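Visitor: Below is a structure I'd like to ask you about.
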Amino acid sequence: MTNGALVLFSGGQDSTTCLAWALDRFESVETVGFDYGQRHIVELECRETIRQCLAREFPQWARRLGDDHTIRIDALNEISNTSLTRDVEIAMGNDGLPNTFVPGRNLIFLTFAAALAYRRGLKHIVCGMCETDYSGYPDCRDDTIKAMQLTLNLGMDRRFVLNTPLMWINKAETWDLARELGGDALVEIVRTETHTCYRGERGNLHDWGYGCGECPACELRAAGYEQWSAASSHEGVSR
């Protein structure tokens, strides 16, 4: 196995920042996206544009950016009854979780990603799970990721490393990480080319990017951008 990386790349803010993080660290980086019939499937359509923008704006990363893969997991849609896989209103469930939670999704993603990394000879798997400001999804927790790394390594007899660079930072800090990695150019790519909105809306470009502005994903992204922007302005004044 090489020290190359495979990035779980949905086309959203978090996974794009993770892709930049990986390109900054590893000599060879491939990407994988998953089509499970999600309502916001437009996110997958953003992926190639984002990859092209990164290669154009950051020549030092272009030579490191390898193949992209898309894996269809139709069965996940068939067995799920959530607002990401059905045309139902986003709401909180009786279990205290939002109905945007797709049970087993990240566990399935990581298993397929590891199988692909096995075939491609890649050691590092990079994913954007975060436990700091999330919706309470149990498969985003650090303990879950650590357990999955152990399980995958035992089950495939490999030494994969699951990297979660966003695990302990909030959305404002994620915007800051993007600027740290690629300056204003990367921030602008994240702002205008990525997609986070659960409803798949890309009609209006807000300060923080495209989206409905009302779903939990938009609210979290917008709040993070506002906090980061305010802090950045304050730093500029202080200097």
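The values are calculated or read from the model by the stated rules, or taken from the named source; none is laboratory data. From a predicted model like this one, the values you see are computed outputs, not experimental measurements. Because the Cβ atoms are built from the backbone with ideal geometry, glycine has one as well, and the counts that use them run over all protein chains shown.
Visitor: For ASP87, state whether it is surrounded by fewer than 19 Cβ atoms within 10 Å (Cβ to Cβ), of a type in the set (Asp, Glu) and modelled with pLDDT under 90.
Guide: So ASP87 fits the description; yes.
Visitor: Now, a different point. Here's a check for you: in segment 33-45, which residue that is hydrophobic (A, V, I, L, M, F, W, C) and surrounded by fewer than 20 Cβ atoms within 10 Å (Cβ to Cβ) is farthest from LEU181 (Cα to Cα)?
Guide: The qualifying residue farthest from LEU181 (Cα to Cα) is ILE41.
Visitor: Then there is this: Would you check which residues across segment 20-52 are under 12 Å from LEU6 (Cα atoms) and among the polar types (S, T, N, Q) and list them?
Guide: SER28, THR31
Visitor: Starting from segment 183-196, keep only residues that are assigned to a loop (DSSP other than H, G, I, E, B), then list their pairs with residues that are among the aliphatic types (A, V, I, L, M) whose Cβ atoms are within a distance under 9 Å, requiring at least 6 positions of separation or different chains.
Guide: Partner pairs satisfying both residue conditions: THR194/ILE50; HIS195/VAL42; HIS195/LEU44; THR196/ALA217; THR196/LEU220.
Visitor: Sticking with this one: Test ALA5 against the stated conditions and say whether it is farther than 23 Å from GLY211 by Cβ and out of contact with any helix residue (DSSP H, G or I) (no Cβ under 7 Å at 6 or more places or on another chain).
Guide: no
Visitor: Assess whether SER10 counts as being modelled with pLDDT under 95 and either closer than 17 Å to PRO165 by Cβ or of a type in the set (S, T, N, Q) (or both).
Guide: When the stated conditions are applied, SER10 passes them.
Visitor: Out of the residues in segment 161-180 that are of a type in the set (Val, Ile, Thr) and in contact with an Asp or Glu (Cβ under 9 Å, 6 or more places away or on another chain), which is nearest to TYR225 (Cα to Cα)?
Guide: Looking at the filtered set, the residue picked out is THR174.
Visitor: Okay, next question. Give segment 20-61 a look and list any residue that's β-branched (Val, Ile, Thr) and either in a strand (DSSP E or B) or without any contact (Cβ under 8 Å) to a residue 40 or more places away in the chain (or both), or say none.
Guide: Passing the criteria: VAL29, THR31, VAL32.
Visitor: Restricting to segment 12-29, count the residues that are crowded, with 21+ Cβ neighbours inside 10 Å and in contact with a helix residue (DSSP H, G or I) (Cβ under 8 Å, 6 or more places away or on another chain).
Guide: 10
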